[in-house]
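Notes to accompany the following structure.
What follows draws every value from the coordinates through simple rules; no lab data is involved. Note that the structure is a prediction, hence the values are computed from the model and not measured. We place every Cβ from the backbone using ideal geometry, glycine too, and count neighbours over all the protein chains shown.
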Amino acid sequence: MPELPEVETTVRGLARVLDGRRIERVEVRREDLRRAFPKDLGQRLTGARVTGLGRRAKYGLIHTDRNDTMIFHLGMSGSWRINHSRLKKHDHLLLETDEGTRLALNDPRRFGSVDLLHTDELAEWPPFKALGPEPLDLTAGELRRRLAGRSAAIKLLLLDQRIVAGLGNIYVCEALYRAGIHPLKAGGSISLERLKRLVPAIHDVLAEAIAAGGSTLRDFASPDGGLGYFSKDFAVYDREGQPCGGGGTVRRIVQGGRSTFYCPRCQR
DNA sequence: AGATATTCCTGGAGGC
DNA sequence: TGCCTCCAGGAATATC
């Protein structure tokens, strides 16, 4: 499941072959994912030169010299492949550069999205306007301000992209475990002292995952493996019933319809 | 307003 | 082996 580190790794992998290149060919093989593709996507991208790539929260950004930015979201099953040997089911969008590099955007569950905006209007795009700060830029004071008065569970609030933008289920579970904070604790009731543990924990789990993803990029040679997917050892995520490493046993509960993994002994 | 539930979609896992 | 049900997830939308 692509979260911020996976998107960051994907963007870095794409940048190697896309940055500075001209897009020679665009093939839309399906008209929509979560929502319809822009009707003029192919026309606006074909012949454009990529001037840079970026990331905002879990969105990947591909900027072109036509004041356009293609924004992709990988949803929960999206991935890009570079120089695939053959097409796969659910390859929805294909790009080819002036160097002959072929890219395929694959997304079986179609929770992803592709949008095209004028680059100078990105900040006004409603999905971006609603986003909170990047977790790697977050400070404890800022987080405290955003949690103030909120009675909802910290786990749910950290998943809310308006509070912090880019955290998903896995890294929220991992960060709360590292900070020793119980996922059911009301967000507004957490002391600044403890937020000063939580914010670096968020930073660290993301930075470590990005580093792990980056290390898989180094030997990125298999054309049929999706960019941005790498194995990472988690302390609690998907480890129900197993030891947490701190002397406790990982438990699973459901919050807001999704699984939370935590250690009742280490997290209070 | 904040909190909660529902919706989208497919592949994989598990039960029988 | 096959058929069934259930579950995973992010974000938009609806409802209380």
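Could you work out the Rg to Rh ratio of segment A:1-87, with Rh taken as the Kirkwood radius (inverse of the mean 1/r over all Cα pairs)? Mind dumping the intermediate values first?
On the way: Rg = 12.7 Å, Rh = 13.6 Å.
We get a ratio of 0.93 for segment A:1-87.
How many nm is it between the label spots at A:Asp238 and A:Ser191, if each spot is 7 Å from the Cα in line with the beta carbon?
Distance between label points: 3.6 nm.
For segment A:56-135, what is the Kirkwood hydrodynamic radius in Å, using each pair of distinct C-alpha atoms?
Details: mean 1/r = 0.0720 Å⁻¹.
When all Cα pairs of segment A:56-135 are included, the Kirkwood radius is 13.9 Å.
Charges only on Cβ, +1 for Lys and Arg, -1 for Asp and Glu: so what's the dipole of chain A about the Cα centre, in debye to the nearest 20?
Working: 43 positive and 33 negative charges, 207 e Å.
So the dipole magnitude of chain A works out to roughly 1000 debye.
Please report, largest first and rounded to whole Å, the three semi-axes of the ellipsoid equivalent to segment A:156-210, where each semi-axis is the square root of five times an eigenvalue of the C-alpha gyration tensor. Before the final figure, lay out each step's value.
Numbers: eigenvalues 54, 35, 19 Å².
Square roots of five times the eigenvalues give 16, 13, 10 Å.
When the chain is fully extended, how far beyond the present Cα-Cα distance does A:Ser259 get from A:Met76, taking 0.36 nm per residue of separation?
Working: separation 183, 0.36 × 183 = 65.88 nm, distance 1.50 nm.
In short, 64.4 nm is gained.
Would you mind ranking A:Phe72, A:Phe37 by Cβ crowding within 10 Å, fewest neighbours first? Walk me through the numbers on the way to the answer.
Details: A:Phe72 24, A:Phe37 18.
With the fewest neighbours first, A:Phe72, A:Phe37 line up as A:Phe37, A:Phe72.
Give the Debye-formula value of log10 I(q)/I(0) at each listed q (0.17 Å⁻¹), with one equal scatterer per alpha carbon of chain A, two decimals each.
The Cα Debye sum returns log10 ratios of -1.28.
Would you work out the relative contact order for segment A:135-262, in percent, from Cα pairs under 8 angstrom that are 6 or more residues apart?
Working: 161 pairs, mean separation 33.0, N = 128.
Normalised by residue count, the contact order of segment A:135-262 is 26 percent.
Tell me the angle of helix A:169-179 to the major Cα principal axis of chain A, expressed in degrees between 0 and 90 and rounded to the nearest ten.
Compared with the principal axis, the helix lies near 40 degrees.
Which FRET efficiency value, to the nearest 0.05, do you get for A:Arg30 and A:Gln161 by plugging their Cβ-Cβ distance into 1/(1 + (r/R0)^6) with R0 = 25 Å?
Working: r = 26 Å, r/R0 = 1.04.
Once the sixth-power term is evaluated, E becomes 0.45.
Mind listing the lone cysteines of chain A, meaning no other Cys beta-carbon sits under 4.7 Å from theirs?
A:Cys173
Just to confirm my numbers, what's the Cα centroid distance between segment A:56-112 and segment A:1-47 in Å?
Centre-to-centre distance over Cα atoms comes out at 4 Å.
Using only alpha carbons, build the gyration tensor for segment A:135-262 and give me the equivalent ellipsoid semi-axes, biggest first, whole Å.
Working: eigenvalues 140, 65, 35 Å².
Each semi-axis is √(5λ); the values are 26, 18, 13 Å.
Separation between the A:Ala123 and A:Ala212 pseudo-spin-labels, each 7 Å from Cα along Cα→Cβ, expressed in nm?
That separation, rounded to one decimal, is 3.5 nm.
Just to be sure I understand: with springs between alpha-carbon atoms less than 10 Å apart, which residue in A:Ile82, A:Ile253, A:Ile154 has the highest mean-square fluctuation in the Gaussian network model of chain A?
A:Ile253
Anything over 31 Å Cα to Cα? Flag those among A:Lys39/A:Lys88; A:Lys89/A:Lys129; A:Lys58/A:Lys185; A:Lys88/A:Lys129; A:Lys39/A:Lys155; A:Lys129/A:Lys155, in the order listed. Spell out each step's value before the answer.
Details: A:Lys39/A:Lys88 23 Å; A:Lys89/A:Lys129 34 Å; A:Lys58/A:Lys185 26 Å; A:Lys88/A:Lys129 35 Å; A:Lys39/A:Lys155 38 Å; A:Lys129/A:Lys155 23 Å.
Violating the 31 Å Cα-Cα cut-off are A:Lys89/A:Lys129; A:Lys88/A:Lys129; A:Lys39/A:Lys155.
Which log10 I(q)/I(0) values, to two decimals, does segment A:75-215 give at q = 0.10, 0.13 Å⁻¹ under the Debye formula with one point per Cα?
With one equal scatterer per Cα and no solvent, log10 I(q)/I(0) is -0.47, -0.73.
Toward the positive end of the charge dipole of chain A, about the Cα centre and with charges on Cβ (Lys, Arg +1; Asp, Glu -1), which of A:Leu103, A:Thr119, A:Ala235 goes farthest?
Of the options given, the answer is A:Ala235.
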